[in-house]
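Some notes on the structure that comes next.
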Amino acid sequence: MVEDNPKQTMPDMHIDQENDPSTLLQRLIKLQQSSRYIPDEAINHLAESLDLSRAFILGVIQFYSFLHSSPRGEYDILFSDNITDQMQGSRLLAERLSRHLGVRVGQTRDDQRISLDYTSCIGMGDQGPAALVNGQTITRLTPERIDQLATLIEQAVPLDNWPTELFQVSADVKRRDIVLNSNYVPGAAILRCQEEGTEELLNRLEQAGLRGCGGAGFSTARKWQLCATTQAIEHYVICNADEGEPGTFKDRYLLQAHADRLFEGMTLCAAAIGATRGILYLRGEYRYLLESLQRTLQQRRGNSLLGHAILGQDDFNFDITIQMGAGAYICGEESALIESLEGRRGIPDVRPPFPVTRGYQGMPTVVNNVETFINAAMIIQQGTGWYRSVGTTQSPGTKLLSISGDCGQPGIYEFPFGTSINDILVACQAHHTQAVQVGGAAGHLIPPAEFNRTLAFEDLATGGSFMVFNQGRELLKAIDNFTRFFRHESCGFCTPCRVGTSLLVKQLEKVMVGHATIRDLDELGTLGNLMRQTSHCGLGHTAANPVLDGLQKFPGIFQSRLRSTSFEPAFDLDASLEEARTLTGRSDSGAHLEGGGV
Ligand code: SF4
């Protein structure tokens, strides 16, 4: 088992271009860490030195969840609020800590020492409930750990002196297949590429049938080819390590245990498209991995696997830097990610053009995720036959899954594409399963009648999140959690998504408190479909999936909460007037009518 201690400080991010506005986000992140907020003077200074307006900078601060324009507490505690955290008791634990410390969830204590709040899934579904304290991950929270945290905080013990076991993040790999079982030889794939040429590299990836592992499944060879053939003065390689889909955590493990393979894959891509610069966009929640990733990059430079004249090839120069995210799920969308890398709010771009022709800094750019780059490196090292030895014709190879929820063995599993949900449930020791959410909040809710379906691009495509709900769970709570997540994460750019996600939450509330009618369910369906058709980007297209899947596949969980009338207002006038009736001592029918008051 690989263990990593995330209790590390943030190293310098090498921001050396003093007047480059694209450094804005990284500068704000550093300021947030050093000052616990972005002071007004700092905003003025940045506005002047980067030639940006104050309004622009404030817009960026407001966009990212981990940036603040007013001070956070010395101890800034954020509980991961995914449904699987809640199923493990996270809400009760947050309330326990709230009572101990005398600060409400969502507030900063009057003495400015403690802030307490919830945040979207932090990628620890296999070892939750989990929380971030000043950006550092604390796992496996229990009532005892909460009491321990409260004592450490009240005694003002610096985070550096907290017991290291609080920060341990385990690598819970429960099943390995061809990728995780294969030995990696540093530089072997690059050497092969140098010997055989980049055309052969692309041929091999094409023959292997490698497809983007984020869920969309676009051909990796074709993406690299399109970028390579777009004429420009520079090309870029970007790794999307913004693993923000609720319930996903397999990239966390890959970044922790297999960063070398990832950087090899990025280097192959650079060779194929003619790039000299690569960027790893690391989600803010995984900041604890930054130092070990920097170390791996440094080792590779020392071994001539990065930098000038890689493995002695004079005209092959390529290096990788790391830029941090700051808590915005939408930045997992590739055009939003590029906006974020350029220091702006992560608003998805209008497409086309796609990044392969016009991406980072307006140049042709390949964006792939962690697993895709690793698979590319391993295919070139091991051969196409090796990759095609498992999986299906349309979906060769394997998929890493992050399995959490109601099962005996949560963790990371590598399965061949084409494995059925039934087989996965057996492997993770799930019993009496009511439903599985495949692909995270944006994915699909699968009922038992469909457990024979398979994980594959031709059936259920997934980025890797696999959440299990047993028959004792209220599925409506999971649907509500996912819908609230999307309301929080909507970037607000387009109306169908910005307004639609709020309306979905309100309508669901009406269902959950028992005020909804059949007509409300029809409205939920209409609204969800409208969002699918008219939203600007993938978030809006998929934000209604949990509701629509629920309505279609689990109608009973909605219908059991309906009132019998055909229309019920969301606002309960009678209940709202009850207090007034009590105060006035009036209970007659005219108490609130004109002329009937006191
Ligand atoms: Fe933003 Fe949502 Fe519109 Fe996407 S669909 S651009 S996330 S508001």
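Would you check if there is a residue in the range 552-566 being of a type in the set (K, R), farther than 21 Å from G405 by Cβ and in a helix (DSSP H, G or I)?
Applying the first criterion (of a type in the set (K, R)) to the range 552-566 yields 553, 561, 563.
Then drop every residue that is not farther than 21 Å from G405 by Cβ, which leaves 561, 563.
Keeping just the survivors that are in a helix (DSSP H, G or I) gives none.
No, there is no match, as no residue in the range 552-566 is of a type in the set (K, R), farther than 21 Å from G405 by Cβ and in a helix (DSSP H, G or I).
Contact map, the range 338-355: first residue within 21 Å of T534 (Cβ to Cβ), second residue among the hydrophobic types (A, V, I, L, M, F, W, C), Cβ cut-off under 6 Å, separation 6 or more or different chains; pairs are G346/A328; G346/I330; G346/C331; G346/A336; I347/C491; I347/F493; P348/A336; P348/C537. Got a number for residues in the range 537-564 being within 15 Å of the ligand (Cβ to nearest atom) and open to solvent by less than 60 Å² (accessible area, probe 1.4 Å)? So the count comes out to 8. Looking at (1) under 30 Å from A441 (Cα atoms); (2) open to solvent by 70 Å² or more (accessible area, probe 1.4 Å), which is the one condition that is false for C213? Among (1) under 30 Å from A441 (Cα atoms); (2) open to solvent by 70 Å² or more (accessible area, probe 1.4 Å), C213 violates only (2).
One line per residue, one yes/no per condition, for (1) among the small types (G, A, S); (2) in contact with a Gly (Cβ under 7 Å, 6 or more places away or on another chain); (3) farther than 25 Å from N545 by Cα:
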{"position": "T398", "(1), (2), (3)": "no, yes, yes"}
{"position": "I403", "(1), (2), (3)": "no, yes, no"}
{"position": "C407", "(1), (2), (3)": "no, no, no"}
{"position": "T419", "(1), (2), (3)": "no, no, no"}
{"position": "D423", "(1), (2), (3)": "no, no, no"}
{"position": "Q429", "(1), (2), (3)": "no, yes, yes"}
{"position": "V436", "(1), (2), (3)": "no, no, no"}
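Reported count of residues in the range 170-197, each being in contact with a strand residue (DSSP E or B) (Cβ under 6 Å, 6 or more places away or on another chain) and either of a type in the set (S, T, Y) or open to solvent by less than 10 Å² (accessible area, probe 1.4 Å) (or both), is 1.
The strands (runs of 3 or more DSSP E) located wholly in the range 361-445 that include 3 or more residues which are modelled with pLDDT of 95 or more and over 18 Å from C213 (Cβ atoms) occupy 433-438.
Quickly run through the range 466-498 and pick out the residues that are small (G, A, S) and under 16 Å from T433 (Cβ atoms). Break it down stepwise before answering.
Of the residues in the range 466-498, the ones small (G, A, S) are 472, 478, 490, 492.
Hits for the range 466-498 are G472, A478.
From L455, L425, which residue is farther than 28 Å from V505 by Cα and crowded, with 23+ Cβ neighbours inside 10 Å? Don't jump to the end; show me each part of the working.
Working: L425 fails: crowded, with 23+ Cβ neighbours inside 10 Å.
Criteria check complete, one pass: L455.
The criterion of being closer than 27 Å to I421 by Cβ, open to solvent by 60 Å² or more (accessible area, probe 1.4 Å) and either aliphatic (A, V, I, L, M) or at pLDDT below 95 (or both) holds for A449. For the range 507-535, taking the residues that are of a type in the set (A, V, I, L, M, F, W, C) and not in a helix (DSSP H, G or I), the one that is least open to solvent (accessible area, probe 1.4 Å) is identified as A516.
One line per residue, one yes/no per condition, for (1) more than 20 Å from I29 (Cα to Cα); (2) in contact with a His (Cβ under 6 Å, 6 or more places away or on another chain); (3) open to solvent by less than 50 Å² (accessible area, probe 1.4 Å); (4) not assigned by TED's automatic domain parsing to the domain that holds C407:
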site: R109; (1), (2), (3), (4): yes, no, yes, yes
site: I114; (1), (2), (3), (4): no, no, yes, yes
site: T119; (1), (2), (3), (4): no, no, yes, yes
site: P129; (1), (2), (3), (4): yes, no, yes, yes
site: V133; (1), (2), (3), (4): no, no, yes, yes
site: R140; (1), (2), (3), (4): yes, no, no, yes
site: I146; (1), (2), (3), (4): yes, no, yes, yes
site: L152; (1), (2), (3), (4): yes, no, yes, yes
site: A156; (1), (2), (3), (4): yes, no, no, yes
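For the range 488-533, the set of residues classified as polar (S, T, N, Q), free of Cβ contacts under 8 Å to residues at least 40 places away in the same chain and within 16 Å of the ligand (Cβ to nearest atom) consists of T495, S502, N529, Q533, listed by residue number. Scanning the range 489-517 for residues that are closer than 16 Å to I479 by Cβ and of a type in the set (A, V, I, L, M) yields L503, L504, V505, L508, V511, M512, V513, A516.
The values are calculated or read from the model by the stated rules, or taken from the named source; none is laboratory data. Remember, predicted model here, so these are calculated numbers, not experimental data. We place every Cβ from the backbone using ideal geometry, glycine too, and count neighbours over all the protein chains shown. Protein only, heavy atoms only, side chains kept; ligands, DNA and RNA dropped before computing areas. Shrake-Rupley method; radii C 1.70, N 1.55, O 1.52, S 1.80 Å.
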